[in-house]
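Working notes for the structure below.
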Amino acid sequence: MNLPERFSNLPEYAFPRLRALLDVHTPGGDVVHMTIGEPKHDFPQWVTDVIVKNAAGFNSYPANDGDDALRGAIAGWIARRNGVTLDPDRQVMALNGTREGLYNAAMALCPEGKNGQKPAILTPNPFYQVYMVAAISVGADPIFVPATAATGHLPDYASVGAEMLNRTAIVYVCSPANPQGAVASRDYWANLISLAEQYDFRIFADECYSEIYRDTPPPGALQVAQEMGADPERVTIFHSLSKRSNLPGLRSGFVAGGPESIAQIKLLRSYAGAPLPAPLQAAAAAVWADEDHVAENRALYREKYAIADEVFASVQGYMPPEAGFFLWLPVEDGQAAALRLWKETGVRVLPGAYLAQGSPGNNPGEGYIRVAMVAPKDDTQGGLIKLRDCLYR
């Protein structure tokens, strides 16, 4: 059976490509995994107690959109973090991880046409691959906008011009950025929101890394939109406990925004969603309500920022990440560098080109490797030193 034509030319996902590149070769040392952004710090131990206490909930179908306690805890966190008051019944929906939300929000909210033309969905380049597939799935044109050193590693969406902006239905922004660790400032958000108001498109703000930063909390898109008095439907935000609380396996995230937008996303989810089991919702509610473990987690990443800054201090072009837990390291050829590193040291990293679109010589990721600093401090330090000594000396 043939796939729908729109899916027939999808590029292979990054990690199968990486396995094909590396796994036919013997590693040159003890394997050090620095590819996937799967946090390895301890999660709060009391999470298990909450799940056990609420285990009877496995005997019932869970609330599809998140129960009252979970949505209330999420709304409370948004109020504390961003100073934005949302109605937990109408403006918040729990997600089974944010990948689901980032994809389904496009399914629910992208129009079939814009100003009589095929809609466009703009994404950064490099980017989280779900953005592209969401655009293709709704029959929109995915437009890849460079997020390079020249643009502060964030996409300059105004640069696409009025003709494209008139077709634009949705833009994705990841701040802090995956993979570069750049943070959208208040001015960046304000300028983008003004552009969205002018050309009537939606902003999907992927803020999953917002609680891992050096010194200053990254500003939230919803916060800036409220300060500007923007249309409440203009900005939709996505968050997760995966990075904030080291709970990628809990699959707890949320989407929040204008009541009309959330109503449409809820409608789709009532048919296509996969709700979080009730005991896990109880655990997620407790985790969103607690900040102590988040501060402890952030302190561990700050130690690894310091290690990376020291290890790569003499590397030309090294860019200390503002936030998140990835390094975006400059190399001559990311694929060749990843292969060499694997064969000589056993350190496993991701070629930057696998996270971007573009032909050879025109792919903004091809001169980089992405390195995840998710392992414990000593393991991270050892891997970074091996990487430096292999590729930069």
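Can G365 be described as in contact with a helix residue (DSSP H, G or I) (Cβ under 7 Å, 6 or more places away or on another chain) and either free of Cβ contacts under 8 Å to residues at least 24 places away in the same chain or among the small types (G, A, S) (or both)? Yes. Determine whether the range 86-95 contains at least one residue that is of a type in the set (V, I, T) and either crowded, with 22+ Cβ neighbours inside 10 Å or part of a loop (DSSP other than H, G, I, E, B) (or both). Yes, the range 86-95 has at least one match. Close contacts from the range 214-227, counting a first residue that is closer than 14 Å to N191 by Cα and a second that is surrounded by fewer than 24 Cβ atoms within 10 Å (Cβ to Cβ) and basic (K, R), with Cβ to Cβ under 7 Å and a gap of 6+ residues or different chains, come to P219/R186; G220/R81; V224/R186; A225/R234. The helices (runs of 4 or more DSSP H) falling completely within the range 223-311 that include 1 or more residues that are under 23 Å from E322 (Cβ atoms) and not assigned by TED's automatic domain parsing to the domain that holds G101 map to 292-311.
Number of residues in the range 258-283 that are more than 28 Å from V52 (Cα to Cα) and at pLDDT 95 or above equals 11.
May I ask you to verify whether G361 is loosely packed, with under 15 Cβ neighbours inside 10 Å and either outside any helix (DSSP H, G or I) or assigned by TED's automatic domain parsing to the domain that holds R81 (or both)? Answer is yes for this residue.
Residues L70, L109, L122: which one is hydrophobic (A, V, I, L, M, F, W, C) and surrounded by fewer than 24 Cβ atoms within 10 Å (Cβ to Cβ)?
Matching residue, one of L70, L109, L122: L109.
Surrounded by 23 or more Cβ atoms within 10 Å (Cβ to Cβ), out of contact with any helix residue (DSSP H, G or I) (no Cβ under 6 Å at 6 or more places or on another chain) and touching a residue at least 24 places away in the same chain (Cβ under 8 Å), is that true of E207? Criteria met by E207. Among residues of the range 364-393 being in a loop (DSSP other than H, G, I, E, B) and in contact with a Ser or Thr (Cβ under 6 Å, 6 or more places away or on another chain), the one that is farthest from P320 (Cα to Cα) is P364.
Residues considered: R17, R80. Of these, the only one that is over 21 Å from the mean Cα position of the chain (by Cα), not aliphatic (A, V, I, L, M) and not in a strand (DSSP E or B) is R80.
The values are calculated or read from the model by the stated rules, or taken from the named source; none is laboratory data. All values derive from a computational prediction rather than experimental measurement. Cβ coordinates were reconstructed from backbone atoms using ideal geometry, including for glycine residues, and neighbour counts include every protein chain displayed.
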